[in-house]
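A.B. asks: Handing you a structure now.
The values are calculated or read from the model by the stated rules, or taken from the named source; none is laboratory data. Please read all numbers here as calculations on a predicted model, not as lab measurements. Cβ atoms come from the backbone with ideal geometry, glycine included; neighbour counts cover every protein chain shown. Only protein heavy atoms, including side chains, enter the accessible area calculation; ligands, DNA and RNA are left aside. Shrake-Rupley method; radii C 1.70, N 1.55, O 1.52, S 1.80 Å.
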4 protein chains.
Amino acid sequence: MTSSIQDQALKQVADIFDQHVPFHNLLGLDIKHYDINGVEVVIKMKPELIGNIHQNILHGGVTATLLDVVGGLTAFAGLVASRDDWTVEELQQRLTTLGTIDMRVDFLRPGRGETFTGTGTVIRAGNRVSVCKMELHNELGTHIAFGTGTYMVG
Amino acid sequence: MTSSIQDQALKQVADIFDQHVPFHNLLGLDIKHYDINGVEVVIKMKPELIGNIHQNILHGGVTATLLDVVGGLTAFAGLVASRDDWTVEELQQRLTTLGTIDMRVDFLRPGRGETFTGTGTVIRAGNRVSVCKMELHNELGTHIAFGTGTYMVG
Amino acid sequence: MTSSIQDQALKQVADIFDQHVPFHNLLGLDIKHYDINGVEVVIKMKPELIGNIHQNILHGGVTATLLDVVGGLTAFAGLVASRDDWTVEELQQRLTTLGTIDMRVDFLRPGRGETFTGTGTVIRAGNRVSVCKMELHNELGTHIAFGTGTYMVG
Amino acid sequence: MTSSIQDQALKQVADIFDQHVPFHNLLGLDIKHYDINGVEVVIKMKPELIGNIHQNILHGGVTATLLDVVGGLTAFAGLVASRDDWTVEELQQRLTTLGTIDMRVDFLRPGRGETFTGTGTVIRAGNRVSVCKMELHNELGTHIAFGTGTYMVG
């Protein structure tokens, strides 16, 4: 069971990432789901996100953005889940530290589709540095990109 | 000396990347300079590109996008430079193949600044696969991000 | 069902990697299992492979080596599996091309244990370039390292 | 000018890495030079390090090992250089924390040669996490491999 402090922290972060990050608004990035077990971030195709007008595919930069956002949220959820006695202030403090150190993106297939969903898993859960793997699929389940990211969490 | 076919191919590519890629237009991405010796890609800060409203810094996804575009253009310039007897058709064909296989981005410092400039160098020049390293600096010369990308060129 | 040409090619590759690569012999690297569905590569701990004498843990270079070997074998198995009409000569030719373009290694936990097993999966199956993800576990199932590698296969 | 505490710390680390890491002894890895300005790590070709007997080239795992060692030493030198008021105990403590979080290796050219020299530069100097880039050249100056590594330093 999660504490209400954990739940509230993630809800607040989801709200910020969903509503108050200007670049996320520009892309139409949507935090579909976010709790202690994971995150689902969605981008719907629209003409401005196209990278190749002949083939109508998502720009690789959009893919990289989505994977990076998924990785950061996944790392933070993992940190929140690692203890059940966080104070509100401690989690606020950790959130200000949250940042990507490095990320690898593997572009596996062309970004064709209508709805792109990113999900992630923590593979190294540290108190200061966490590592996540991330995946991007389209609405048909095609695996379009894979990512590995190292995040500062404390 | 470069042949006029080489020059024209790069000029055409610069024009496409500068004007006819919807996502580049959304970001305001500008191909400042592109010839056989390299590329300079510029993005000017604007409110929609911000990732952190408290700190006013460029979103990491914009950084990743800029480095990826620099890498692709650098790889293609290297390919064009590798022979001086290309036909127009051969280069057109190669351009349709151009794509990122994988990329690593290292976020070295917060993306503060007014003008962000990306440059790159080929470190593995292949006939099918090339590897480039890329850098992003702001107008003060601060090194904000580093990238390494593997590109399909044939 | 696999053809006997596919089976024989993988058997021959397993034999080379297991017996005829000097550096594999130095490490005691053992190709435990190799067929069209995947590979299992094992290294047993021995004093010469230690990286930290105080903590008795496997050197990161051994981890990187094992993941790279797993990735190459996984990519080649994927190529062999992609067609059932290969000739012996074609596969011999492809084997001479096989090589790592780039690899990322994530060191998740200290390399403690007696027996380290590497396994892999193809995530991008190309006719020229394939991408694999690889994992290293010890005999207790602890996930010690994760890798992502890009391989030339044609 | 460096303090004697800084000098002694790096001298002690060079001695450990040169003499007291079993896997370095197995490879014949030699810390040629190590001070606050950088490191030079050398491996001489010998039959046991070969990865491809037909082409007589260094195994990629040896390349990865050498780059990782260079990165770790470079990160630690950068940390030592970042302050001139370290105590011996503080630096001893930091040394026990030193470890690779993740590393990317780009294999640029076949590992042909007699003497392989690795060098590195810090590109992100943190108090907890540093990022380095590393290069491997042979005795003719051929650029054989490039690396980027993220290291825990505190």
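A.B. asks: Tally Lys and Arg at +1 and Asp and Glu at -1 over the other residues with C-beta under 15 Å from the C-beta of D:Glu139: what net charge comes out?
C.D. replies: Every neighbour counted, the sum reads +1.
A.B. asks: For a quick check: with amide H placed at 1.01 Å from N, whose amide H comes under 5 Å from A:Ile144's, ignoring anything fewer than 5 positions away on the same chain?
C.D. replies: A:Leu136, A:His137, A:Asn138
A.B. asks: Next up: If you roll a 1.4 Å probe over chain D with all protein chains in place, what percent of the accessible area is carbon or sulfur?
C.D. replies: Reported share for carbon and sulfur atoms: 50 percent.
A.B. asks: Taking 30 Å as the cut-off for C-alpha to C-alpha distance, list the pairs among B:Lys11/D:Lys133; C:Lys44/D:Lys46; C:Lys133/D:Lys11; B:Lys133/D:Lys32 that go past it.
C.D. replies: Details: B:Lys11/D:Lys133 33 Å; C:Lys44/D:Lys46 23 Å; C:Lys133/D:Lys11 38 Å; B:Lys133/D:Lys32 27 Å.
Check vs 30 Å cut-off fails for B:Lys11/D:Lys133; C:Lys133/D:Lys11.
A.B. asks: Please list 3J(HN,Hα) in residue order for the stretch B:134-151, calculated via the Karplus relation 6.51 cos²θ - 1.76 cosθ + 1.60 where θ = phi - 60°; whole Hz, with x for glycine and proline.
C.D. replies: 9, 9, 10, 10, 8, 5, 8, x, 5, 7, 8, 8, 10, x, 9, x, 10, 10
A.B. asks: For the protein assembly as shown, give the magnitude of the charge dipole about the Cα centre (Cβ charges: +1 Lys/Arg, -1 Asp/Glu; no others), in debye to the nearest 20. Present the calculation step by step, with values, prior to reporting the outcome.
C.D. replies: On the way: 48 positive and 68 negative charges, 0 e Å.
Its charge dipole is roughly 0 debye.
A.B. asks: Next up: Could you tell me whether the stretch C:1-53 comes out rounded, prolate or oblate from its Cα gyration tensor? Rule is a ≥ b ≥ c as square roots of the eigenvalues, rounded for a/c under 1.5, then prolate if a/b exceeds b/c, otherwise oblate. Mind showing how you got there, number by number?
C.D. replies: Numbers: a/c = 5.29, a/b = 2.42, b/c = 2.18.
Prolate is the answer for the stretch C:1-53, as a/c is 1.5 or above and a/b outweighs b/c.
A.B. asks: Among A:Val41, A:Val131, A:Asn52, whose Cα lies farthest out toward the positive end of the dipole of the stretch A:1-135, if unit charges sit on the beta carbon of Lys, Arg (+1) and Asp, Glu (-1)?
C.D. replies: A:Asn52
A.B. asks: Taking every pair of distinct Cα atoms and averaging 1/r, then inverting, what Kirkwood hydrodynamic radius in Å comes out for the protein assembly as shown?
C.D. replies: Roughly 24.9 Å, rounded to one decimal.
A.B. asks: If you don't mind, there's one more thing I want to ask. Provide a whole-number value for the mean count of partner chain Cβ atoms within 10 Å of the Cβ atoms in peptide C:22-28.
C.D. replies: Counting other chains' Cβ atoms within 10 Å and averaging over C:22-28 gives 6.
A.B. asks: What percent of all Cα-Cα pairs in the stretch A:7-95 falls into each 10 Å bin, going from 0 up to the bin containing the maximum distance?
C.D. replies: 16, 45, 25, 11, 3, 0
A.B. asks: Could you work out, residue by residue across A:29-39, how many beta carbons of other chains sit within 10 Å of that residue's beta carbon, and then give the average as an integer?
C.D. replies: Shielding by partners across A:29-39 averages 0.
A.B. asks: For helix B:88-97, what angle does its Cα long axis make with the longest principal axis of chain B, in degrees from 0 to 90 and rounded to 10?
C.D. replies: So the inclination is approximately 40 degrees.
A.B. asks: Can you list residues from other chains, or at least 5 along the same chain, whose modelled amide H is less than 5 Å from the amide H of D:Met45?
C.D. replies: Hits under the 5 Å cutoff: D:Thr115, D:Phe116.
A.B. asks: Could I ask something else about it? Please give the total accessible area that chains A and C bury against each other, computed with a 1.4 Å probe and expressed in Å² to the nearest 100.
C.D. replies: So the buried area, both faces added, is about 1200 Å².
A.B. asks: Roughly how many Å² is the accessible area per residue of the protein assembly as shown, as a whole number, for a 1.4 Å probe?
C.D. replies: 40
A.B. asks: Whole-Hz ³J(HN,Hα) for each residue in the stretch C:119-131, computed from phi via Karplus 6.51 cos²θ - 1.76 cosθ + 1.60 with θ = phi - 60°, x for glycine and proline: what do you get?
C.D. replies: 9, x, 9, 7, 10, 9, 9, x, 7, 10, 10, 10, 10
A.B. asks: Ordering C:Thr96, C:Thr121, C:Thr150 from largest to smallest accessible area (1.4 angstrom probe), what's the sequence?
C.D. replies: The most accessible residue leads, giving C:Thr96, C:Thr121, C:Thr150.
A.B. asks: Along the charge dipole of the stretch A:73-124, pointing to its positive end and built from +1/-1 on Cβ of Lys, Arg, Asp and Glu, which listed residue (A:Met103, A:Val88, A:Val122) has its Cα farthest out?
C.D. replies: A:Met103
A.B. asks: Further question on the same structure: With a 1.4 Å probe and all protein chains in place, put A:Asp18, C:Asp106, D:Asp15 in order of accessible area, largest first.
C.D. replies: If we order A:Asp18, C:Asp106, D:Asp15 from most to least accessible, we get D:Asp15, A:Asp18, C:Asp106.
A.B. asks: Work out the length of the dipole vector of the stretch D:1-108 about its Cα centre, built from +1 on the beta-carbon of each Lys and Arg and -1 on the beta-carbon of each Asp and Glu, and round it to the nearest 20 debye.
C.D. replies: 320
A.B. asks: Ignoring ligands and nucleic acids, what accessible area does C:Lys133 show with a 1.4 Å probe (Å², nearest 10)?
C.D. replies: So the heavy atoms of C:Lys133 present about 40 Å² to solvent.
A.B. asks: A further question follows. With r defined as the distance between the Cβ atoms of A:Asn37 and C:Gln55 and R0 fixed at 45 Å, what FRET efficiency is calculated, to the nearest 0.05?
C.D. replies: 0.85
A.B. asks: Rounded to the nearest 0.05, what FRET efficiency is calculated for C:Asp30 and B:Thr87 with R0 set to 51 Å and r the Cβ-Cβ distance?
C.D. replies: Rounded to the nearest 0.05, the efficiency is 0.50.
A.B. asks: Another one. Stretch D:Glu48-D:Ser3 to full length: gain in nm at 0.36 nm per residue minus the Cα-Cα span? Don't skip to the answer; put the middle values down first.
C.D. replies: Details: separation 45, 0.36 × 45 = 16.20 nm, distance 4.08 nm.
Gain on extension, D:Glu48 to D:Ser3, equals 12.1 nm.
A.B. asks: Once amide H atoms are built 1.01 Å from N in the peptide plane, which residues 5 or more positions from A:Ile57, or in another chain, come under 5 Å H to H?
C.D. replies: Under 5 Å from the amide H of A:Ile57 lie the amide H atoms of A:Gly51, A:Asn52, each far enough along the sequence or on another chain.
A.B. asks: Run the dipole for the stretch B:61-151 about the Cα centre, Lys and Arg Cβ at +1, Asp and Glu Cβ at -1, nothing else charged, and hand back the magnitude in debye, nearest 20.
C.D. replies: Roughly 280 debye for the stretch B:61-151.
A.B. asks: Once you list every other residue whose beta carbon is under 13 Å from the beta carbon of C:Met103, what net charge do they have if Lys and Arg are +1 and Asp and Glu are -1?
C.D. replies: Details: positive: A:Arg104, B:Arg104, C:Arg104, C:Lys133, D:Arg104; negative: A:Asp106, B:Asp102, C:Asp68, C:Asp102, C:Asp106, D:Asp68, D:Asp102, D:Asp106.
Net charge around C:Met103: -3.
A.B. asks: Further question: Relative to the longest principal axis of the C-alpha atoms of chain B, give the angle of the C-alpha long axis of helix B:4-19, reported between 0 and 90° and rounded to the nearest 10°.
C.D. replies: 30
A.B. asks: Would you mind counting up the charge near A:Lys11? Only other residues with Cβ under 13 Å from its Cβ, with Lys and Arg at +1 and Asp and Glu at -1.
C.D. replies: In short, -4.
A.B. asks: Taking the Cα centre of chain B as the origin and placing charges on Cβ (Lys, Arg +1; Asp, Glu -1), which of B:Ala77, B:Leu26, B:Thr63 is farthest toward the positive end of the dipole?
C.D. replies: B:Thr63
A.B. asks: Springs between alpha-carbon pairs under 10 angstrom, Gaussian network model over chain A: which of A:His20, A:His33, A:His137 fluctuates most?
C.D. replies: So, out of A:His20, A:His33, A:His137, the one fluctuating most is A:His20.
A.B. asks: Counting only GluC sites (Glu not before Pro) that sit in a DSSP loop (anything but H, G, I, E, B) with at most 16 other Cβ atoms within 10 Å, what is the longest stretch of chain D containing none of them?
C.D. replies: Counting at most 16 other Cβ atoms within 10 Å as exposed, the longest clean stretch of chain D is D:1-113.
A.B. asks: Let me ask something else. Counting only other chains, what is the mean number of Cβ atoms within 10 angstrom of the Cβ of each residue in peptide C:148-154?
C.D. replies: 4
A.B. asks: Per DSSP H run of at least 4 residues, take -39500 (n - 2.57); add these up for chain B, divide by its residues and hand me the 222 nm value, nearest 500 deg cm²/dmol. Each step should come with its number before you reach the end.
C.D. replies: Values: 4 runs with 54 residues, N = 154.
Helix contribution divided over all residues of chain B: -11000 deg cm²/dmol.
A.B. asks: Distance from the Cα centre of the stretch A:124-154 to that of the stretch C:28-55, in angstrom?
C.D. replies: 27
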